[in-house]
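Have a look at the structure below before the remarks.
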Ligand code: PLP
């Protein structure tokens, strides 16, 4: 059975041109970039080339890019790095309730170390209100961290507006752009951010490599101590093939992003419309327009999200209930709960995320298969039986 992959927000297949670009750095050009002989210098040159490509994708300078082991490390680096370096100035951090766990858990950790964190609410679409950011600022605030787009529901946040507030109040502003870089235009100056997290495996690059953009002049403490790599900002021998692959993925994204976004958005809208027409008691989660091109997130009433995912898997379709990091837990999504969904609806969530290689035939197959799966699961659902009984009782005036 040919599998249909609709979980591009969890990870993307590595682009064949990215794999090709990486290969020499496992074999002929295997040198350590810190070595002075030519093998080393060749690897160092490749890293610097990749740095420029990643910087070009987000409107930054090469020296403002620090390579990391992924998005999680970039988030940790940004938040802990600002907290450590700016503690004498204040101990207050502002973030949102719908952040990725890489941000939320880092903030929780800092709370155990004497920092105060404000977790801003979101509206029914998952949007942070910039006025709430303004109201939360105190004279102790040293950092605002709000994600560029949410990984579960795809809502794109008003980062430019928040950036203006942060600049006006001279507070450092970080955004987790793991889901947007390479998919929609990202420009650090337009967004007004000082720090921005990225991850290569979300844009057809390899896993285990990411980067943190750090605006020149930002007071940021180092996170990994040891050697002098990354201008002493991040010790450890560089993941040369990974970094080269990230650079290639960034280069390809610059060339292909707008065309790809157009194609994916068309398929996404067709999928949303088709599912809303074919299945009753379904709601689209996230903002209808301010949303990532590839994101479809639905709450299907009277059905468990996990059951839909398992049944789709049996039909050869890869989907998820939300974030890949929490998909093995049966807790309802913190994002959907923060958006005000009741527990039953949050439990019935299904995320389908489209990407570069999604085809019309694949969308047709999902439209064909999913309504039947939902009908079968509902036929077995105790929740639906309870509801039907109460409707009948009401009709009979019981
Ligand atoms: N931030 C967001 C918004 C994400 O979606 C993810 C991954 O799903 C991460 C951070 C973590 O990135 P990585 O897997 O590279 O550590």
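At-a-glance table
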{"quantity": "Nearest-ten-degree value, helix 305-314 long axis tilted from longest Cα axis of the chain", "calculated": "90 degrees"}
{"quantity": "Label-point gap, in nm, between residue 380 and residue 109 - each point 7 angstrom along Cα→Cβ", "calculated": "4.0 nm"}
{"quantity": "Cα centroid separation, the stretch 193-233 to the stretch 117-166 (Å)", "calculated": "22 Å"}
{"quantity": "Modelled FRET efficiency - R0 51 Å, residue 236 with residue 359, Cβ distances, 0.05 increments", "calculated": "0.80"}
{"quantity": "On Cα atoms only, tilt of 360-380 relative to the major axis of the chain in degrees", "calculated": "50 degrees"}
{"quantity": "Distant alpha-carbon pairs in the stretch 51-123 (separation over 21 angstrom), percent", "calculated": "37 percent"}
{"quantity": "Principal-axis tilt of helix 159-168 within the chain, Cα atoms, nearest 10 degrees", "calculated": "50 degrees"}
{"quantity": "For the chain, convex hull of alpha carbons as volume per residue, Å³", "calculated": "150 Å³"}
{"quantity": "Percent antiparallel among DSSP beta bridges (both partners in the chain, rounded to 5)", "calculated": "50 percent"}
{"quantity": "Virtual spin-label span in nm between residue 136 and residue 314, 7 Å along Cα→Cβ", "calculated": "4.3 nm"}
{"quantity": "Pairwise FRET efficiency - residue 38 versus residue 101, Cβ, R0 = 56 Å, nearest 0.05", "calculated": "0.85"}
{"quantity": "Spin-label model distance (nm) - residue 289 vs residue 20, 7 Å beyond Cα toward Cβ", "calculated": "4.1 nm"}
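The numbers here are math on the coordinates, done by the rules we state, and not lab data. Keep in mind that this is a model prediction, so the values were computed, not measured. Here the Cβ is made from the backbone with ideal geometry for all residues, glycine too, and neighbour counts use every protein chain on show.
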